[in-house]
């Protein structure tokens with residue numbers, strides 16, 4: 001359509017030059033300016049519409065990610081409570097002096113720790129990194145409220161599963177945690193604490209030492 005208008009205007013201008021119709025020429029310029037203005041308005045309106053559509057898509061995606069994060073968080077909270085019960089169960093079996101029940105409870109605790117507790121937390125952590133990428137304040141709070149709380153649970157877990165009286169009763173070697181197992185948490189703490197935030201870095205170092213990492 002634009003090419004047709006340009007061609008028509010060019011032919012009209014040539015005709016005006018030949019016949020000296022300058023008033024008509026000025027009128028065409030005015031009409032052309034109005035046409036450009038209308039075209040600019042329509043383009044701006046289309047751009048505004050596309051921006052609104054993009055904003056809606058981004059909002060929908062954010063909502064989906066937030067919902068996913070809440071699911072991981074709720075699952076991790078549930079698993080945190082369940083592992084406390086599993087730890088109590090192991091200690092109760094130790095008190096009863098039943099080696100078979102103790103071995104079964106001990107194995108179940110280890111399985112739950114690696115396959116459920118850590119898995120749910122890693123999913124939760126991944127969503128936090130995506131949603132709060134630029135929110136350093138929330139990420140610092142997450143370190144204190146979630147990561148270090150998990151580390152306390154890991155410390156308790158290791159203290160129980162590696163209890164000498166338990167290992168001797170079930171005839172099993174000590175359980176250790178590899179550095180790779182907690183790498184996502186370590187990286188998150190280090191990436192979101194400056195060199196001046198020594199307290200968090202010292203706390204991380206102490207836990208890693210306790211874990212043998």
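The values are calculated or read from the model by the stated rules, or taken from the named source; none is laboratory data. Computed from a prediction, not measured in an experiment: that's the story for all the values here. Backbone-built Cβ (ideal geometry, glycine too); neighbour counts: all protein chains shown.
The table that follows gives values for the structure above.
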quantity: Members of the stretch 141-172 found to be touching a helix residue (DSSP H, G or I) at 6+ places or on another chain (Cβ under 7 Å) and over 14 Å from residue 90 (Cα atoms), listed by number; calculated: 142, 143, 147, 148, 150, 151, 153, 154, 155
quantity: Test: residue 176 is farther than 23 Å from residue 66 by Cβ and either surrounded by 13 or more Cβ atoms within 10 Å (Cβ to Cβ) or in contact (Cβ under 8 Å) with a residue 12 or more places away in the chain (or both); calculated: yes
quantity: Residue among 81, 61, 97, 68 that alone is surrounded by 13 or more Cβ atoms within 10 Å (Cβ to Cβ) and modelled with pLDDT of 65 or more; calculated: 68
quantity: Qualifying residue in the stretch 170-189 (condition: outside any loop (DSSP other than H, G, I, E, B), over 28 Å from the mean Cα position of the chain (by Cα) and in the same structural domain as residue 144 (by TED's automatic domain parsing)); calculated: yes
quantity: Checklist (1) farther than 30 Å from residue 64 by Cβ; (2) at pLDDT below 90; (3) exposed (fewer than 12 other Cβ atoms within 10 Å of the Cβ) applied to residue 200, failing item; calculated: (3)
quantity: Check on residue 109, within 20 Å of residue 182 (Cα to Cα) and either part of a helix (DSSP H, G or I) or without any contact (Cβ under 8 Å) to a residue 40 or more places away in the chain (or both); calculated: yes
quantity: Lone unmet requirement of (1) farther than 23 Å from residue 106 by Cβ; (2) part of a helix (DSSP H, G or I) for residue 210; calculated: (1)
